[in-house]
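**Student:** Here it is, the structure, as structure tokens.
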Amino acid sequence: MTNVVQLTFPNRARTRADRLAALASAFADDRRSRGDVFWLKENAEFLNIMECTQAAPDDRALEVHRDFYDTIEKRLAFFPQYYRFLLSICLDLEDLGIGGDKGKRLVQWTADEGLAEAEMSDLQRAEARRLMLRRGVDPLASDTGLGARLMAFAGRAATFAMPNKKAAYELTHTIFYLTEYGRKSMTFGPDVTRSLSFAGTLAYLDQNADLLAEVCVAMRFAGLTPPAIWEAWITDHTDSFIVASGDRAEPGRDDYHEFLVCTWATATAGADPFARPVSFDRLSFHAAPRRSAPLRSMSQTMLDLDSRSGDWTRMRGLIANTLDRDAMAVLEEAEAACTEFDAFFAGFARAGMANPLERLTA
């Protein structure tokens, strides 16, 4: 994106109800072709965050979806492969107050068709279960070990001390589904706490606000308080977003997901959700340039060493010499935010992992 300028429009929405109506209209009508898979993803995410943050939209924010809601059973019958998106949209619209009760019947139909049984991953199965249990149906009642398998995954902290964005996002969503997006109180032991801390530390070292925001939300849902350094940065980052309108908007080339999850994270920490004034217009969302991040340099430094050490006190100076001022500031903040940074680095360094070919031929 180049030179996006934020303009002031006379139709700028300033009350919360106005802002939600403007955002709902933009996501429903002005960014994607209505009903395609990217449209489904964007609108499912926006409605889910509205519902989770109890944003209380008025009828304007819901009626833009009236036609879609009224015909959603036809879409579900023809696109059963997208049942999770479609059920999510339907249930959130009902719970937000659109008026209607077809969600329960659609959930029962989906369960009867066995769509959740076609899922290949535990995480997708957990999402399907969470969605359908919102209307009292467990599509995987015979899978009594699903929760235990998810907890085992979430509790393996070593996974999250190494850069692996897919695993980190799966960790956050594991917490989302197990806690029913914060509605269900669960006790997570120190291993899961450590996993979230390590995943957040990596996200901070990478200056990845999208992932860090999800980690902060997951920690709140797990009954934990994210480090103040993380939440302060997410708040500043959210405030720095540029919302481009009209002809200057670039849907499909923007950071809409980062905007949504950062807004979600600030709301779970107590801020007013969707507080930014926006226009009733075509919208796109653009993150400000991030600071220099130390993660890549740290990884390259460790990879290049013939003999790695997992002792942070020994390695800190060597790594610091490879970083510019901004990256070093980020590293120092990450250290301050993570109470187990030494243990995190020991996993990050992978010093105990001998060359697999040498070990096999020894």
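Throughout, read-outs are computed from the coordinates displayed, never taken from laboratory work. Bear in mind that the values here come from a model prediction, so they are computed numbers and not experimental data. Here the Cβ positions follow ideal geometry from the backbone for every residue, glycine too, while neighbour counts run over all protein chains shown.
**Student:** Residue by residue, what Karplus-based ³J(HN,Hα) values in Hz, rounded to whole numbers, does segment 171-188 have, using 6.51, -1.76 and 1.60 with θ = phi - 60° and x for Gly and Pro?
**Tutor:** With coefficients 6.51, -1.76 and 1.60, one gets 4, 4, 6, 4, 5, 4, 6, 5, 8, 6, 6, x, 7, 10, 7, 10, 9, 10 Hz.
**Student:** Taking Cα pairs under 8 Å and at least six residues apart, what relative contact order does segment 233-303 come out at, in percent? Intermediate results must be reported in sequence, preceding the final value.
**Tutor:** Working: 71 pairs, mean separation 32.4, N = 71.
Result for segment 233-303 is 46 percent.
**Student:** Hand me the trypsin sites (Lys or Arg not before Pro) from segment 181-240 located in a DSSP loop with no more than 15 other Cβ atoms within 10 Å, in residue order please.
**Tutor:** Numbers: sites: ARG183, LYS184, ARG194, ARG220; in loops: ARG183, LYS184.
Sites meeting the loop and neighbour criteria: ARG183, LYS184.
**Student:** What is the fewest-to-most order of LEU318, LEU123 by other Cβ atoms lying within 10 Å of their Cβ? Don't skip to the answer; put the middle values down first.
**Tutor:** Values: LEU318 12, LEU123 20.
Fewest-to-most ranking of LEU318, LEU123: LEU318, LEU123.
**Student:** Are there trypsin sites (Lys or Arg not before Pro) in segment 29-116 that DSSP marks as loop and that have at most 15 other Cβ atoms within 10 Å, and which are they?
**Tutor:** On the way: sites: ARG31, ARG32, ARG34, LYS41, ARG60, ARG66, LYS74, ARG75, ARG84, LYS102, LYS104, ARG105; in loops: ARG31, ARG32, ARG34.
Filter output for segment 29-116: ARG34.
**Student:** Could you go through segment 24-30 in sequence order and give the Karplus-derived ³J(HN,Hα) for each residue, using 6.51 cos²θ - 1.76 cosθ + 1.60 with θ = phi - 60°, rounded to whole Hz, and x for Gly and Pro?
**Tutor:** For segment 24-30, the Karplus-derived couplings read 4, 5, 5, 5, 6, 10, 10 Hz, x marking Gly and Pro.
**Student:** Also, I was wondering about something else. Provide PHE176, PHE153 in ascending order of the number of other Cβ atoms located within 10 Å of each residue's Cβ, fewest first. Kindly include the intermediate steps, with their values, before the conclusion.
**Tutor:** Working: PHE176 22, PHE153 17.
Placing the least packed residue first, the sequence is PHE153, PHE176.
**Student:** Within a Cβ distance under 14 Å of GLY270, other residues only, what is the Lys/Arg minus Asp/Glu net charge?
**Tutor:** Details: positive: ARG220; negative: GLU231, ASP272.
Every neighbour counted, the sum reads -1.
**Student:** In 20 Å bins starting at zero, report the fraction of Cα pairs in the chain per bin as a rounded %.
**Tutor:** All Cα pairs considered, the percentages come to 27, 54, 19, 1.
**Student:** A follow-up question, please. Taking H placed 1.01 Å from N in the peptide plane, check which residues at least 5 places from SER279 or on another chain put their amide H under 5 Å from its amide H.
**Tutor:** Those lying under 5 Å, H to H, from SER279 are ALA13.
**Student:** Below 8 Å, C-alpha to C-alpha, sequence gap of six or more: please give me the relative contact order for the chain in percent. Could the numbers behind the result be given before it?
**Tutor:** Numbers: 480 pairs, mean separation 69.6, N = 362.
This gives 19 percent for the chain.
**Student:** When a footprinting reagent is the concern and you count Cβ atoms within 10 Å, what order do SER195, SER33, SER307, SER88 take, fewest first? Intermediate results must be reported in sequence, preceding the final value.
**Tutor:** On the way: SER195 27, SER33 8, SER307 5, SER88 23.
With the fewest neighbours first, SER195, SER33, SER307, SER88 line up as SER307, SER33, SER88, SER195.
**Student:** Let me ask another. Of the candidates PRO226, PRO80, PRO139, which one comes out as most mobile in a Gaussian network treatment of the chain with C-alpha springs shorter than 10 Å?
**Tutor:** Evaluated over the chain, the most mobile residue of the options is PRO80.
**Student:** List the GluC sites (Glu not before Pro) in segment 145-253 that DSSP assigns to loop (not H, G, I, E or B) and whose Cβ has at most 16 other Cβ atoms within 10 Å. Which are they? Mind showing how you got there, number by number?
**Tutor:** On the way: sites: GLU170, GLU180, GLU214, GLU231; in loops: GLU180.
Those satisfying the criteria are GLU180.
**Student:** Considering amide H positions built from the backbone, and no H for Pro or chain starts, which residues 5 or more places from LEU305, or on another chain, come under 5 Å of its amide H?
**Tutor:** Residues meeting the amide H criterion: none.
**Student:** For segment 54-67, take each phi angle, set θ = phi - 60°, evaluate the Karplus expression 6.51 cos²θ - 1.76 cosθ + 1.60, and give the result in whole Hz per residue in order, putting x for glycine and proline.
**Tutor:** Calculated HN-Hα couplings, in order: 6, 6, 6, x, 8, 4, 4, 6, 9, 5, 5, 9, 4, 4 Hz.
**Student:** Let me have the 222 nm mean residue ellipticity of the chain computed from DSSP H runs of 4+ only, each contributing -39500 (n - 2.57), with the sum over all residues rounded to the nearest 500. Please list the in-between numbers first.
**Tutor:** Numbers: 19 runs with 204 residues, N = 362.
My calculation for the chain gives -17000 deg cm²/dmol from helical runs alone.
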